[in-house]
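Each remark here refers to the structure printed beneath this line.
The values are calculated or read from the model by the stated rules, or taken from the named source; none is laboratory data. Given the structure is predicted, the values throughout are model-derived calculations rather than measurements. Here the Cβ positions follow ideal geometry from the backbone for every residue, glycine too, while neighbour counts run over all protein chains shown. The area values use the complete protein model at the heavy-atom level, side chains included, leaving out ligands, DNA and RNA. Shrake-Rupley method; radii C 1.70, N 1.55, O 1.52, S 1.80 Å.
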Amino acid sequence: MKIVFLDRMTMGDADLSPIAALGDLVCYESSTAEEALERVGDCDVLLVNKVIVDAGLLDAAPALKLVCVTATGVNNIDLDAAAARGVEVRNAVGYSTSSVAQATFGHILSLLGNAPYYDEFVKNGKYSRGNCFTHLGAPIAELEGRTFGIIGMGNIGSRVASIATAFGCRVIYYSTSGTSHCTLYPSVSLEELLSQSDIVSIHSPLNERTRNLIGKAELALMKPGAILVNAGRGGIVDEAALSQAVDSGQIAGAALDVFSREPLPQDSPLLQTVHPERFRFAPHTAWASSEARARLVAMVAENIKTTLINT
């Protein structure tokens with residue numbers, strides 16, 4: 001069985017030996033659309049993270065039986081085209097829940113505590129040259145007692161909610177699917193969530209209901225001291241509007257792990273701000289703890305086993 005991974009670089013240094021043990025694993029660090037067509041001709045299993053799998057690519061792989069997405073989302077796969085050709089598609093659900101939840105609070109706590117400011121104050125020698133045991137040059141705020149609004153109460157949103165509760169927050173949520181299945185916390189409209197929340201944390205997929213969900217009008221509903229965190233998908237938030245809202249002080253800050261275009265273009269309004277200290281950015285790494293990537297590899301291997309080997 002030949003297994004082809006078209007964008008191996010997306011997994012970093014993750015150990016792929018559980019997958020390699022199942023067949024002849026051939027890895028390419030990255031693949032353009034043209035390169036992908038040349039590389040799938042004799043594969044039985046195709047592994048992709050962001051590479052587009054459309055009808056053309058499927059037609060170039062006549063032996064293909066299974067596409068494994070090394071991620072939760074399958075928006076890069078033409079599911080109808082795969083089904084029409086009898087090709088199974090499997091994704092990985094829940095592997096990154098702990099990792100994304102941890103990253104979410106890392107960003108929030110960094111913003112509330114102005115962590116980079118205080119870290120630099122010590123490292124640049126100012127603390128050592130002072131005459132006081134402490135220094136309070138930037139605000140430090142607590143999470144306890146704040147209203148924590150979650151957009152998307154799936155696996156990750158639910159984990160974030162439980163952690164926010166442990167911090168002493170009041171949790172509310174907006175269901176992007178329209179199905180308020182979670183009864184542990186109040187389900188509210190998007191307008192209510194934005195106007196009531198001190199923290200707005202996005203954990204929903206990108207689809208027709210969530211694309212451009214948060215724009216200029218929605219940001220105007222938020223409190224002046226509020227923080228917005230997006231660990232869902234970049235296309236959910238209007239980045240130009242967010243940049244302006246934070247820079248102007250309309251809201252207090254924002255943290256983004258995902259962007260509408262990745263990598264983030266150098267001319268993005270997010271990189272042209274007057275107050276970069278009000279932002280926290282990460283290059284789409286919230287999902288990628290070492291433990292999460294190990295779980296992901298194990299899930300992909302299991303998908304191959306259950307679909308093609310143990311049948």
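Scan the stretch 140-159 and give yes if some residue there is surrounded by fewer than 19 Cβ atoms within 10 Å (Cβ to Cβ) and of a type in the set (Val, Ile, Thr), otherwise no.
Looking through the stretch 140-159, at least one residue is surrounded by fewer than 19 Cβ atoms within 10 Å (Cβ to Cβ) and of a type in the set (Val, Ile, Thr).
With of a type in the set (Gly, Ala, Ser), crowded, with 17+ Cβ neighbours inside 10 Å and within 19 Å of SER204 (Cα to Cα) as the only criterion, which of SER99, SER31 stands out?
SER99
Of everything in the stretch 45-77, what is surrounded by fewer than 20 Cβ atoms within 10 Å (Cβ to Cβ) and farther than 26 Å from GLY94 by Cβ? Give them in sequence order.
Of everything in the stretch 45-77, those that are surrounded by fewer than 20 Cβ atoms within 10 Å (Cβ to Cβ) and farther than 26 Å from GLY94 by Cβ turn out to be ASP54, ALA55, GLY56, ASP59, ALA60, PRO62, ALA63.
If you take the residues of the stretch 37-66 that are outside any loop (DSSP other than H, G, I, E, B), closer than 25 Å to GLU262 by Cα and among the charged types (D, E, K, R), which of them is farthest from the chain's Cα centre (by Cα)?
Within the stretch 37-66, the match that is farthest from the chain's Cα centre (by Cα) is GLU38.
Just checking, which of GLY130, GLY73, GLY125 is within 30 Å of ALA255 (Cβ to Cβ) and modelled with pLDDT under 95? Working first, answer last.
Values: GLY130 fails: modelled with pLDDT under 95; GLY125 fails: modelled with pLDDT under 95.
Sole residue among the options that is within 30 Å of ALA255 (Cβ to Cβ) and modelled with pLDDT under 95: GLY73.
Being at pLDDT 95 or above and out of contact with any helix residue (DSSP H, G or I) (no Cβ under 9 Å at 6 or more places or on another chain) narrows it down to one residue among ASP257, ASP198; which is it?
Only one candidate passes the filter, namely ASP198.
Part of a loop (DSSP other than H, G, I, E, B), buried (at least 20 other Cβ atoms within 10 Å of the Cβ) and either among the small types (Gly, Ala, Ser) or more than 18 Å from the chain's Cα centre (by Cα) (or both), is that true of ALA286?
Considered against the rule, which asks whether it is part of a loop (DSSP other than H, G, I, E, B), buried (at least 20 other Cβ atoms within 10 Å of the Cβ) and either among the small types (Gly, Ala, Ser) or more than 18 Å from the chain's Cα centre (by Cα) (or both), ALA286 comes out as yes.
When you look at ILE227, is it more than 15 Å from the chain's Cα centre (by Cα) and within 23 Å of MET153 (Cα to Cα), yes or no?
yes
Taking GLN250, is it open to solvent by 70 Å² or more (accessible area, probe 1.4 Å), outside any helix (DSSP H, G or I) and polar (S, T, N, Q)?
Numbers: open to solvent by 70 Å² or more (accessible area, probe 1.4 Å): no; outside any helix (DSSP H, G or I): yes; polar (S, T, N, Q): yes.
So GLN250 does not fit the description; no.
Condition first: crowded, with 18+ Cβ neighbours inside 10 Å and either assigned to a loop (DSSP other than H, G, I, E, B) or within 13 Å of the chain's Cα centre (by Cα) (or both). Now tell me which residues in the stretch 257-283 satisfy that.
ASP257, VAL258, PHE259, SER260, LEU264
From VAL237, VAL229, which residue is touching a His at 6+ places or on another chain (Cβ under 8 Å), more than 30 Å from ASP15 (Cβ to Cβ) and modelled with pLDDT of 95 or more?
Values: VAL237 fails: touching a His at 6+ places or on another chain (Cβ under 8 Å).
Step by step, each of VAL237, VAL229 is checked, and only VAL229 is touching a His at 6+ places or on another chain (Cβ under 8 Å), more than 30 Å from ASP15 (Cβ to Cβ) and modelled with pLDDT of 95 or more.
When you check GLU239 against the structure, is it open to solvent by 10 Å² or more (accessible area, probe 1.4 Å), touching an Asp or Glu at 6+ places or on another chain (Cβ under 9 Å) and among the acidic types (Asp, Glu), yes or no? Give the derivation first.
Working: open to solvent by 10 Å² or more (accessible area, probe 1.4 Å): yes; touching an Asp or Glu at 6+ places or on another chain (Cβ under 9 Å): no; among the acidic types (Asp, Glu): yes.
In short, no.
Kindly evaluate ALA301 against the criterion of being within 17 Å of the chain's Cα centre (by Cα) and open to solvent by less than 10 Å² (accessible area, probe 1.4 Å).
Considered against the rule, which asks whether it is within 17 Å of the chain's Cα centre (by Cα) and open to solvent by less than 10 Å² (accessible area, probe 1.4 Å), ALA301 comes out as no.
Here's a check for you: in the stretch 176-192, which residue that is more than 22 Å from MET222 (Cβ to Cβ) and among the polar types (S, T, N, Q) is most open to solvent (accessible area, probe 1.4 Å)?
Across the stretch 176-192, the extreme among qualifying residues is THR183.
Would you check which residues across the stretch 179-201 are in a loop (DSSP other than H, G, I, E, B) and farther than 14 Å from LEU228 by Cβ and list them?
THR179, SER180, HIS181, CYS182, THR183, LEU184, TYR185, PRO186, VAL188, SER189
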